[in-house]
Each structure stands twice: as C-alpha cells, then as structure tokens.
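The values are calculated or read from the model by the stated rules, or taken from the named source; none is laboratory data. The structure presented is a predicted model; accordingly, all values stated were derived computationally and were not measured. Heads up, the Cβs are rebuilt from the backbone with ideal geometry, glycines too, and the neighbour counts pull from every protein chain shown. Side chains included, ligands, DNA and RNA excluded: accessible areas come from the protein's heavy atoms. Shrake-Rupley method; radii C 1.70, N 1.55, O 1.52, S 1.80 Å.
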Amino acid sequence: MSLRLCLLLACLTAAAYANKDASSSTGMHELKPTKWLSASELESVPSLNDITWERLENEPLHKGANLIEKIYHVSHIKHDLTPSFVPSPSNVPVWIIKSNGDRVEAKLNNYVEKAQAQTGFGEDEVTIVLTGLPQTSQTAKKAMRKLVQAYIQRYNLQQQQKNAQEQQQGHQQQTNKDYDYTSTSSEEQADQWKSAKTASGDLIIIDLGSTLTNFKRYAMLDVAGTGAMIGQTLVQLTNKGVPQEIIHLIGQGIAAHVAGAAGNEFTAQTGHKLRRITGLDPAKLLSKRRNALVGLSRGDADFVDAIHTSAYGMGTFFRCGDVDFYPNGPSAGVPGAKNVIEAVARATRYFAESVRPGNERNFPAVPANSLEQYKEKDGFGKRAYMGLQTDFDLQGDYILEVNEKSPFGQRTPAQKQASYHGVHHYQN
C-alpha cells in the first residue's frame, strides 16, 4: 500500500470519528429529563417553593434523598437554576466563643474588630465554623452545640487536667465522691482525655445557616459570592496580625463550598493559602452558573479534607478534597440517620467527637473503593484517622464503619491497628 493511500485512509478515519463525537456532543446537549424520568415522575417533582425544611425532616431518609436527587438532576439538565441569594453581612450572626463557654455576639460585618478586642485572640489556632443548616432544626442545632462543647473542652484541657490531678490527690480523703469533671455525653471516652495533649485556641461560629430560612434560599445560595464576602473578612483577620497558618476553616453542608470559595478569595487577595479547610458533608449544588467551576476542591487550602455522610442524599458523592472520608461507604445516609437533615448533621457530630480530647483516633479508616472491600480487609493502604487529627499528607478515598448512636467512632485497640495494613504516620 502506497504512503499516499495510507494518509488518505487515516484522514477519512479521523473525519468519521470527529463526526461521531460531534453528534454525540450534540446529543448530550439535547438530553431532556424525559430521557431518564417518566412523565409522571417529572410531574411529581415539586417546585422549590413547595419544599420546606420541615418536610425534609419529617420524610423518611430514602424518600427525602430521592426527592433531592431528582431536583438535582433536573436542574442540571435544564440549567434553569442560577444562584441569586447572597445574605447581607449585617444579617449573618457570628459568635465568638470564649474559653468559659460565654459568647460574644457579632455580625459578619464587624466580627473581626470584636474578635481582636478579646484578650489573647489569634495567639494560637483559630477555628472558624460556617453553619450550613437552618438552626430552626433541632438536629442541626444539637450537632453544632456538640461541636462547640468539644472545642471548649479541647481549649480548656490544660485546666481540666490540673483539676483532675487535684481531684485524684484528694481521692483518698473522699473515696465516696464520684466526680467527673468533663463528661457531658457518651461521646467522651472515660479517662482518655486525662493523658491527651493540650491545645489552646479561639473558636468563631459564622451562622450562615440561620439565613437559609427556607429551602429555596438554600438551593439558590450564591456560593461564590457568599464565599468571596467571607474570604474578605479572613483577609482582614490576617491584616490585623493573625497568621493564615493557624486558621482552620470548617464548612457544614452547603457552607463547605462557601468555605472553599472563601479560601479562593483569600488566596486571590493575599497570594497565600489557608492552612486547612474541612468540609462536613459537602452538599449537592442545585444551582450554579454555566461554564463556572464552583465548589470545595483540593487546592482551596494547603490541606482540604471532607467527610461524606449523605453522598446520595443532600450531600455530594464527588471528591472534594485531598482526602475524602465515606463512613459506611457512599450512601443516602449513615447508620442511624432518620432523614436527610440528620444525615448531613452526622458529619458534624463525627467531627465533634474527634475534637474531644482523647478521642482523636476514634475513627480509624482505610483507603478502599467500597464498604465491602473494607469489611473484607482488602483495602490498599495504611490506616488513617478521620476527624481533627487527620494527617495532612493523606490523599484519596477512605472508608470506615461507624456506630448508629453516640459514641459513633469504632475505636480499635492499638495492637489491632498495627496489624491492619500497617499504621499511617500520626501527625501531632
């Protein structure tokens, strides 16, 4: 066969494939919801105005998850939902939590000044939590309360250990006194906190969730615009002397994506990255602008980790960080969650449990592709720990099992940890 004939055949083949790809691409853009949902199913999908937080809390988990999935897919096929809600900074409540549990109330537009007025602020780690669920939900409120209690305990640990030593010294004179200084829930493991390493820091809660008074606001939240607004306040913090290396930004649900956008805005303005961003069940984005990349992702901070507790419910199954944890594998909700709101809130409960001193290793995980692979001990990497003390060198997807009720972590004895695919380096 001549060289000219070979070249001609090659050109014809390339043209055929190009036409095939073009027709396939056209077909994708013309895909209609009726291609995968029946007419009756489409008719049954309610409008955003018809969905309430109360409805999602009262519906069984899988029914609520199925509803969110339908809305998500229809909105992304039709591209008819453009984010439009950005809360006013003066309407976003902020709490500056003091070491004794008292809180200083502020708003997003003035919390930086109020935080700087607190004695010793910014000398150690600074944890900033963005709520992403309405605080009218008792489930969401309880999850955030547990997280705040955990950080208060963590930041007061040195005094707690001192008090425990004094109590132990006086135990011989008061043998009948049963005194537990810090036990406030079953999420704490008895006596483990007494040997935990001490830490100190400041906690700030930016209550974005309280502005999401109805589901439509939640669905139409402008993640990029809201994140840029919060990112600007982080720039103000560092301009007043708080090093970005000590800032840990945590986002709950849809606020995980807001945290990612805030991290991007901070980097765009300063040329530096925040130390860490943690996503607590990053949400499905029901509205977004065409041709725009938005959402929590690796690179939004020096280290990004995510905990997915409702991957097929209100949460996303897509990877969001350097390392993504899937308790009991990707599902509509983790064990014990009765509805989609509770499924989202479980990620906050898990993280709170890991914050409590002595519980840092309550959630051992292994890189795996499924829960079945994890159960068969067929994972392909070393054990690591989900939560506050997650190692910054981790990458990939990790699977673990959790309990239905608190305490949620399935802590494994040290000797078993050492024999299960080795032990990942633990970063203090």
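What is the P(r) of region 301-379, as percent of Cα-Cα pairs per 5 Å bin from 0?
3, 16, 22, 25, 22, 11, 2, 0
How much accessible surface area, in Å² rounded to 10, belongs to the heavy atoms of residue 235 with a 1.4 Å probe?
Around 10 Å² of this residue is reachable by solvent.
So if each residue of separation counts as 0.36 nm, and I subtract the Cα-Cα distance between residue 124 and residue 63, what length gain in nm does that give?
Details: separation 61, 0.36 × 61 = 21.96 nm, distance 4.47 nm.
Value of the extension gain: 17.5 nm.
For region 227-368, compute Rh as the Kirkwood radius over C-alpha pairs and then the Stokes-Einstein diffusion coefficient at 37 °C and 0.692 mPa s; write the answer in µm²/s, rounded to an integer.
212 µm²/s
Output ³J(HN,Hα) for region 209-218: one whole-Hz value per residue in order, computed from phi by the Karplus curve 6.51 cos²θ - 1.76 cosθ + 1.60 with θ = phi - 60°, and x for Gly and Pro.
x, 5, 8, 8, 6, 9, 5, 4, 4, 4
Rounded to the nearest 10 Å², what accessible area does residue 55 show when all protein chains are kept and the probe is 1.4 Å?
Roll a 1.4 Å probe over it and residue 55 shows about 80 Å².
When the Karplus curve 6.51 cos²θ - 1.76 cosθ + 1.60 is applied with θ = phi - 60°, which whole-Hz ³J(HN,Hα) does each residue of region 97-106 get, with x for Gly and Pro?
8, 8, 4, 8, x, 5, 10, 9, 8, 8
Could you tell me, in Å, what Rg and Dmax come out for the Cα atoms of region 207-256?
Rg and Dmax of region 207-256, Cα atoms, are 12.9, 38 Å.
Once you list every other residue whose beta carbon is under 15 Å from the beta carbon of residue 303, what net charge do they have if Lys and Arg are +1 and Asp and Glu are -1?
Local net charge: -4.
Taking region 363-416 on its own, what percent of its Cα-Cα pair distances exceed 17 Å? Numbers along the way, then the final one.
Working: 527 of 1431 pairs.
The share of Cα pairs beyond 17 Å in region 363-416 comes to 37 percent.
Going from most exposed to least, what order do 278, 119 have by accessible area with a 1.4 Å probe?
Values: 278 0, 119 140 Å².
Result, largest first: 119, 278.
Work out Dmax and Rg for region 214-309 from the C-alpha atoms and quote the Rg first, both in angstrom.
Radius of gyration, then largest Cα-Cα span, for region 214-309: 12.9, 38 Å.
Grab the Cα-Cα distance for residue 240 and residue 200, subtract it from 0.36 nm times how many residues apart they are, and report the gain in nm with one decimal. Show your work: numbers first, answer last.
Numbers: separation 40, 0.36 × 40 = 14.40 nm, distance 1.98 nm.
Net length gain for the segment: 12.4 nm.
Assuming 0.36 nm per residue, please report the length gained on full extension of the stretch residue 52 to residue 378 beyond their Cα-Cα distance. Mind showing how you got there, number by number?
Values: separation 326, 0.36 × 326 = 117.36 nm, distance 4.22 nm.
The residue 52-residue 378 span can extend by a further 113.1 nm.
Return the FRET efficiency for the residue pair residue 145, residue 44: r is the Cβ-Cβ distance, R0 is 30 Å, and the value is rounded to the nearest 0.05.
Details: r = 37 Å, r/R0 = 1.22.
Step by step, r from the Cβ atoms, then E = 0.25.
Kindly state, as a whole number, the per residue volume in cubic angstrom of the convex hull around the alpha carbon atoms of region 78-121.
Dividing the Cα hull volume of region 78-121 by its residue count gives 101 Å³.
Would you mind computing, in nm to one decimal, how far apart the modelled labels at residue 338 and residue 110 are, each placed 7 Å from Cα along Cα→Cβ?
Taking the two extended label points, one gets 4.1 nm.
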